[in-house]
Each structure stands twice: as C-alpha cells, then as structure tokens.
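In what follows, a structure is listed as structure tokens, so that the remarks can point back to it.
The values are calculated or read from the model by the stated rules, or taken from the named source; none is laboratory data. All of these numbers come straight from a predicted model, not from anything done at the bench. As a convention, Cβ positions derive from the backbone with ideal geometry for all residues, glycine included, and neighbour counts pool all protein chains shown. Keep in mind that these areas ignore ligands, DNA and RNA; they rest on the heavy atoms of the full protein, side chains included. Shrake-Rupley method; radii C 1.70, N 1.55, O 1.52, S 1.80 Å.
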Amino acid sequence: MTTLTEQTARAKFAHYFLHLKESMAAEGGKVSKSAEWERCIEHWIEEGDAPAEAVSWKCPRSLEAEICKQ
C-alpha cells in the first residue's frame with residue numbers, strides 16, 4: 001500500500017477533478033472543488049491511502065499548476 005504525500009495527493013486530485021468537472025459540464029451540472037477535495041481526502045484516509053493529518057492539507061488553487069509540477 002502506498003501512502004499519498006500532500007504533493008502526490010494534490011496531483012492525483014487535479015487529474016481526477018478536471019475529468020469530473022468536464023463530465024459534469026457535459027451533463028449540465030457543476031461540482032465544487034473544495035467539497036470534492038474534502039470528500040477525496042476523507043476517502044483516502046479511510047482507505048489507508050493518506051495519513052490522518054491529510055485533513056489539514058489545503059485544496060489546490062490551480063489544478064493545472066499541480067499537474068505541471070509532476
């Protein structure tokens with residue numbers, strides 16, 4: 001099992017959220033980046049993929065910038 005670091009979590013979230021946002025827009029819907037970030041962090045902690053302190057990690061401001069950091 002690999003535990004996510006804050007940097008890897010932010011990059012993984014960026015890819016996930018951009019795809020989700022595109023899918024939702026195609027269906028005429030919207031999704032909240034901050035709410036989805038919290039949901040992802042909670043899920044990753046529950047699954048053991050992220051440490052408990054991940055709850056204090058900040059939601060990325062620029063998803064594109066997170067992807068470029070890879």
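Among H19, H43, the order of accessible area from largest down is H19, H43, computed with a 1.4 Å probe on protein heavy atoms. Charged neighbours of E53, selected by a Cβ distance under 14 Å, balance to -2 (K, R count +1; D, E count -1). Bridgeable aspartates and glutamates around K30 (alpha carbons under 18 Å apart, same-chain partners fewer than 8 residues away excluded): E22, E38.
Counting only Cα atoms, the size of the stretch 1-67 along its three principal axes is 35, 23, 21 Å, in decreasing order.
Between helix 6-26 and the chain there is an angle of about 20 degrees, using the helix long axis and the longest principal axis of the Cα atoms. Site-free segments of the chain were taken between GluC sites (Glu not before Pro) in DSSP loops having at most 15 other Cβ atoms within 10 Å, sites themselves excluded; the longest one is 1-26. Compared with the dominant Cα axis of the chain, that is its longest principal axis, helix 33-46 is turned about 40°. For the chain, the per residue solvent-accessible surface stands at 69 Å², with DNA, RNA and ligands left out and a 1.4 Å probe.
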